[in-house]
1. Among the residues of the range 237-273, how many are open to solvent by 50 Å² or more (accessible area, probe 1.4 Å) and in contact with a Ser or Thr (Cβ under 7 Å, 6 or more places away or on another chain)?
2. Look at the range 325-354 and say how many of its residues are of a type in the set (D, E, K, R) and over 28 Å from the mean Cα position of the chain (by Cα).
3. I need every pair where a residue in the range 458-484 that is open to solvent by 30 Å² or more (accessible area, probe 1.4 Å) has its Cβ under 8 Å from the Cβ of a residue that is in a loop (DSSP other than H, G, I, E, B), sequence separation at least 6 or different chains.
4. Quick check on Leu504: is it more than 29 Å from Thr411 (Cβ to Cβ), in a helix (DSSP H, G or I), touching a helix residue (DSSP H, G or I) at 6+ places or on another chain (Cβ under 9 Å) and modelled with pLDDT of 95 or more?
5. Condition first: β-branched (Val, Ile, Thr), within 15 Å of Lys133 (Cα to Cα) and open to solvent by 30 Å² or more (accessible area, probe 1.4 Å). Now tell me which residues in the range 162-185 satisfy that.
6. Of the numbered conditions (1) touching a residue at least 40 places away in the same chain (Cβ under 8 Å); (2) more than 30 Å from Ala661 (Cα to Cα), Ser297 satisfies every one except a single condition; which is it?
7. With the requirement that a residue be in contact with a Phe, Trp or Tyr (Cβ under 6 Å, 6 or more places away or on another chain), of a type in the set (A, V, I, L, M, F, W, C) and either more than 19 Å from Ala435 (Cα to Cα) or open to solvent by 20 Å² or more (accessible area, probe 1.4 Å) (or both), what does the range 672-711 give you?
8. Being in contact with a helix residue (DSSP H, G or I) (Cβ under 7 Å, 6 or more places away or on another chain) and part of a loop (DSSP other than H, G, I, E, B) is the filter; apply it to the range 14-37 and report the residue that is surrounded by the fewest Cβ atoms within 10 Å (Cβ to Cβ).
Amino acid sequence: MSERFMDPISTYRIQLTPDFGFAEVAALAPYLKDLGISHVYLSPILQAAPESRHGYDVTDHSRIRAEFGGVEGLRALSATLAEHGLGIVVDIVPNHMTVPVPESGNAPLWSVLKEGQASPYAPWFDIDWTGGKVSMPVIGDDTEPVVDGDVLRYHDHEFPFPDTCYRLVDWREGPGYRRFFDVSSLIGLRVEDPEVFDATHEVILGLVEEGVIQGLRVDHPDGLAEPRGYLSRLREASGVWTVAEKILIGSEQLPADWDCDGTTGYEVLNRITRLFVDPAGREPLLELFVAQTGMPSDYATVVRRSKREVLDLFFAAEIDRLHAVVGSDRETLVELLAAMPVYRAYVVPGEPVPEIAASTVEAAGRVAAARLPEGAPVAEVVDRVLRGPAEAVTRFQQTCGPVMAKGVEDTALYRWYPLACLNEVGGEPDHFAGAPGEFHTFAREMSPTAMTTLSTHDTKRSEDVRARLAVLSELPGEWAAAVGEWSSKVSFDPALDYLAWQNLMAAWPIGPDRFFDYLFKAAREAKTSISWAAPDPAYEAGIRDFVSRAIEECGTSVAEFAAGIEPYARSNSLGQKLVQLMLPGVPDLYWGNEITDFSLVDPDNRRPVDFPLRRRMLAGEGGSPWDEAKLLVTVQALNLRRRLDPAAPYVPLEAGEHVVAFARGERAVTVATRLPAGLARRGGWGSEAITLPHGAWRDLLTGAEHTGRIPLAHLLSTYPVALLERE
């Protein structure tokens, strides 16, 4: 079998846009080959809303997106990549389609709006047909819809006329269909129906069969009625390497019966981040956060409040629909949803309830009971969502994920941020501890086929922003003094200011427009003063004024602070990169992050990448020392992965608290500095040494040769990391 058809060794995520399609990716083939990756990992490629910058708003499953070059452009890309020994992994979106504006842009949906339950596409969508019509939340003012022939127009919206199968309601109301999280413009699909699965996957699976696509990434499997069944059907139909975007919390494990190669790696990202955070910084940073913001010191309290708020604000329609099939007490159901600690419990109606699922929901029931009046029917509701009617069991699981995503990811993480590098998807921002021993225990159990990552299109901050923020855990006093100075000059909203200072420093240099866009989104997500549903022009103007003044009056000092911690941030950046690339699994590189990238949450992290710069650097034509070092680490590690058995065991190596070191089988050794500020404070490595496994070793970063017991001051004299290959 040619390498093109092998499972990925490493992937490079590309964010396709109307400005950067298949032809532009094809032009990168020589560069990506030299970089050392095995597969290009494309964002969704099916036809989406024409102007879409992300592709998750699919409008037509029967076509490859025209703006990217269509199916012929994809075939040409695949052929070009194959000439360079590269394959393609594609991000697929089985959970939903878009409700475009105008609505006629989604032909299956238009058919359902016109013909209702008589439409051949009615089984496609998860619609509540109570009353015989589906509610469409679009009304936003007193403008009356206008009849135009056989179309009803309301501003840019259009619907079939007469309106026999739908009703137009206020845009703040929940829709009459399952949606993606709280996004009414994304309507849930019923891929559990074999005919719907076949129709929505025909093009992708045909391209797999043709050899154009060699791997799949499944978006948001938690939204599906039955993820296990879906993944089983997908694997049977495709037979290719497949990973699922499954967010695991804490010690949660991927369900053992999912027929896929693993997750997309958020749990690995969070473990790596904590490895470079000093747990001694927890208390002083927590005290500083509470003093600056007035927020509670207890993260769990903020999570509970946030989940209750989003349940009340956004999910009334979902709760009503769930309550109708669960029965019993509505408030008990709401508290149970708020108490769920993970994105989903995995129960298949009609099958015995897995022990882990039962214990998870029952534990949530105990938490809910403590918040409810005595005598609330908690046990009854728990039993109904675990063992009751099939729709009750399924819909409860489908509702847990959106509540977690909106309550934690998009609310609590914007409210509680003593150290914002810990505030990632699936992260636990109150959990600072990440000692090497704990990390080794985790890494030894990692799958050789699952994806690992440090940055994605959905991370709250890029890996290098987090590398800077991690330094603050080692320098809480210096950081408190800097924030005190800046806050004395410029202030706006205590709930937002401290988040602003962390991200301004960590993303520096950043212009006022980019920084305003980030802070404006953060404020709307936090929902403490404004939200997406409740704008306030005066508050928004206050954010813009704060941003302008913060950069103008404090920018020089912020830049000096960032420069002062750069040696430590650079050490963290190189260390976490090398660890990720050399762990068991399939390392994913988010586009542009082969050198430094100081991006914030989307859409900031989806900006165009300067590939000419990266090509020049790969050809040896210069760059900043940090950029050069990160590119060197990336290229050497990716190319070593091509020579390394993916199943090579992870073997921890003994080292002090400022080192994480491990071998991969008998071929490779990784050594990375951790907590570099503390290391400098104690005067450096001193006589500390590391014993290498038997044999002669060459450092791929420096060319130096080593054997036996090596002083760390010598091994790490050029870079804060070492990548050794047995000669």
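The values are calculated or read from the model by the stated rules, or taken from the named source; none is laboratory data. On a predicted model such as this, the values are computed, not experimentally measured, just so you know. Methodologically, a virtual Cβ is constructed for each residue, glycine included, from the backbone with ideal geometry; neighbour enumeration extends over all protein chains shown. The area values use the complete protein model at the heavy-atom level, side chains included, leaving out ligands, DNA and RNA. Shrake-Rupley method; radii C 1.70, N 1.55, O 1.52, S 1.80 Å.
1. Of the residues in that region, 1 qualify.
2. Counting residues in the range 325-354 that are of a type in the set (D, E, K, R) and over 28 Å from the mean Cα position of the chain (by Cα) gives 4.
3. Asp458/Val425; Asp458/Asp602
4. Numbers: more than 29 Å from Thr411 (Cβ to Cβ): no; in a helix (DSSP H, G or I): yes; touching a helix residue (DSSP H, G or I) at 6+ places or on another chain (Cβ under 9 Å): yes; modelled with pLDDT of 95 or more: yes.
No.
5. As a first pass, look at the range 162-185 and keep what is β-branched (Val, Ile, Thr): 164, 169, 183.
Checking which are within 15 Å of Lys133 (Cα to Cα) leaves us with 164, 169.
Passing the criteria: only Thr164.
6. Here Ser297 clears every test but (1).
7. Step one: filter the range 672-711 for residues in contact with a Phe, Trp or Tyr (Cβ under 6 Å, 6 or more places away or on another chain), giving 674, 676-677, 701, 706.
Checking which are of a type in the set (A, V, I, L, M, F, W, C) leaves us with 677, 701.
The answer is Leu701, and nothing else.
8. Just the residues of the range 14-37 that are in contact with a helix residue (DSSP H, G or I) (Cβ under 7 Å, 6 or more places away or on another chain), to begin with: 14-16, 18, 21-23, 25-26, 28-29, 31, 34-37.
Then drop every residue that is not part of a loop (DSSP other than H, G, I, E, B), which leaves 15-16, 18, 21, 28, 36-37.
Details: Gln15: 22, Leu16: 24, Pro18: 14, Gly21: 20, Leu28: 23, Gly36: 21, Ile37: 28.
Step by step, filter the range 14-37, then rank; the result is Pro18.
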